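Okay, structure first, notes after.
The values are calculated or read from the model by the stated rules, or taken from the named source; none is laboratory data. These numbers come from a predicted model, not from an experiment. Quick reminder, even Gly has a Cβ in these numbers, built from the backbone with ideal geometry, and neighbours come from all protein chains shown. Areas reflect the complete protein model, heavy atoms only, side chains present, ligands, DNA and RNA absent. Shrake-Rupley method; radii C 1.70, N 1.55, O 1.52, S 1.80 Å.
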Amino acid sequence: METKKSYDPLNDDLSYILNSCKNEFNEMSGSGLLITGGAGFLGHYFIQSILKWNELNNEDKKIELYVLDNFVRGMPSWLIDLQANNDFVIINQSILDPLPDNFKNIDYIIHAASIASPIFYRKNPIATMDANVNGLRNILDFCLSFNNKVKGILYFSTSEIYGDPSEDQIPTKETYRGNVSCTGPRACYDESKRYGETMCVNFSQEHNLPIKIARPFNNYGPGLKITDGRALPDFARNIVEKKDIILLSDGSPTRTFCYVSDAIIGYFKILVIGRSGESYNIGTETPEISILELAKKCIDIGKEVFGYEVGLNFLESSDKDYLVDNPNRRCPDISKARKELSYKPSIGIEEGLLKSFHWYKSNHAVGEE
């Protein structure tokens, strides 16, 4: 079989984001934006979206960009390349440390600094809680320190705050209170994110800070490291290495998957036009597919992109807690975001996987950094 020529989906994705968020970017024009956790998966698109906007607009409409990260896993090469060719500021420090005193020209903050992959937050539970609670408090105190000048703060919560919803709560609305263990192997992440939302709501009410909350549902796409430890990059890694996909369960849990450009559009809209103290599900409502179905789709699309086909094997994890508190279903009700933000995700799972696998084909070494 002749392998199809790979392509870079990034430019198409950036055009889609800028076109869909034209009003939001116009509102941010001439402002300062701080992105914490900027070296992560979502930072890959947040940063390049801002830089693309700056490239296409006059000086007075450019957004002054600041990127903060502790680079605990090293600075990714994509960020090094961007820094060499663009004008923005990188701050190498922990979110737990005080922000610089001269940091007074920040109008918007995207707070994405966290440990988000179960394989890593379960290994580092206290560091995870510190980042999610103390790091957020550090950001909120910083905002208060210069008289509420900030126009918008986006806090990244998680769909995991819902835990394992009952069947009658799926699709899951923002009003659902959750079915979450406070002591299980995922609790360090789930409960600290829940407390983070409590902080955001109370700082919004007591101090009038313009805090908005995003609850992501299974985002994926270019920039998600192949070593991330979640299902889709694990499957991609197997295919890149010409190995069979390994499932450490029966593959029956179901999820909906939201391609990164659709997700980024939702997050920019929450930041700029979302209501303070409110949470918004960001994801797709359909199709809800099993992890087994996802693996089979990855095998088919991997064959199309790489030119060879891998198999599928079922194994039992050596980690006795691997499946503990793992939700059986995860599917959002996005009617609130659709109504209040005009959020309209449009990238289907096959198209998103195709884009993702083309990116992994050209960037799998980058993904392993």
**Prompt:** Under a 5 Å amide H to amide H cut-off, with H placed in plane at 1.01 Å, what residues pair with Gly32 once short-range neighbours are removed?
**Reply:** Glu64, Asp107, Tyr108
**Item:** the chain, accessible area per residue, ligands and nucleic acids excluded (1.4 Å, Å²)
**Value:** 43
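Would you work out the Kirkwood radius for segment 128-212? I mean one over the mean of 1/r across all pairs of different Cα atoms, in Å.
Mean inverse Cα-Cα distance, inverted, gives 13.9 Å.
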**Item:** For Ser192, net neighbour charge (Lys/Arg +1, Asp/Glu -1) across residues whose Cβ lies under 12 Å away
**Value:** -1
**Item:** Amide H partners (placed H, <5 Å) of Val67, local residues excluded
**Value:** Ile35, Val89, Ile90, Ile91
**Item:** Cα-only radius of gyration and Dmax that characterise segment 234-369, units Å
**Value:** 17.0, 49
**Request:** Restrict the search to segment 237-328; then list the chymotrypsin sites (Phe, Trp or Tyr not before Pro) that DSSP places in a loop and that have at most 11 other Cβ atoms within 10 Å of their Cβ.
**Result:** Tyr308
**Prompt:** Mean separation of Cα pairs under 8 Å and 6+ residues apart, divided by the residue count of the chain: what relative contact order is that in percent?
**Reply:** 21
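What share of the DSSP beta bridges in segment 212-357 is antiparallel, in percent to the nearest 5?
Values: 2 of 13 bridges.
Once the DSSP bridges in segment 212-357 are tallied, antiparallel ones form about 15 percent.
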**Request:** Can you tell me what the convex hull of the Cα atoms of segment 20-167 projects to on average, as an area in nm²?
**Result:** 10.8
**Asked** Per the Cauchy relation, a quarter of the hull surface: what is the mean projected area of the convex hull of the alpha carbons in the chain, in nm²?
**Response** 17.4
**Per-selection metrics, segment 80-146 (Cα): Rg and Dmax in Å** = 14.1, 38
**Prompt:** If segment 185-269 were replaced by its equivalent ellipsoid, with semi-axes equal to the square roots of 5 times the Cα gyration tensor eigenvalues, what would those be, largest first, whole Å?
**Reply:** 33, 16, 11
**Message:** Residue by residue through segment 152-161, what is 3J(HN,Hα) from phi via Karplus (6.51 cos²θ - 1.76 cosθ + 1.60, θ = phi - 60°)? Round to whole Hz and write x for glycine and proline.
**Reply:** x, 10, 9, 9, 8, 8, 6, 5, 5, 5
**Request:** Roll a 1.4 angstrom probe over the protein heavy atoms and tell me the percent of accessible area of the chain that is carbon or sulfur.
**Result:** 46
**Item:** 20 Å Cα-Cα reach of Lys61 towards lysines, excluding residues that sit fewer than 8 places from it in its own chain
**Value:** Lys22, Lys52, Lys104, Lys149, Lys151, Lys269
**Message:** Just to confirm the filter: which trypsin sites (Lys or Arg not before Pro) across segment 266-369 are DSSP coil and have at most 10 other Cβ within 10 angstrom of their Cβ?
**Reply:** Lys320
**Asked** If you take the Cα atoms of segment 269-339, find Rg, then find the Kirkwood Rh from the mean of 1/r over all pairs, what is Rg/Rh?
**Response** 1.12
**For Asn219, distant residues with modelled amide H under 5 Å away** = Cys258
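Of the chymotrypsin sites (Phe, Trp or Tyr not before Pro) in segment 132-162, which ones lie in a loop per DSSP and count no more than 15 other C-beta atoms within 10 Å? Walk me through the numbers before you get to the answer.
Values: sites: Phe142, Phe146, Tyr155, Phe156, Tyr162; in loops: Phe146.
Listed in order of number, the matching sites are Phe146.
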**Message:** Just to be sure I understand the curve: with the Debye formula and one point per C-alpha of segment 28-108, what is log10 I(q)/I(0) at q = 0.19, 0.26, 0.27 Å⁻¹?
**Reply:** -0.82, -1.40, -1.46
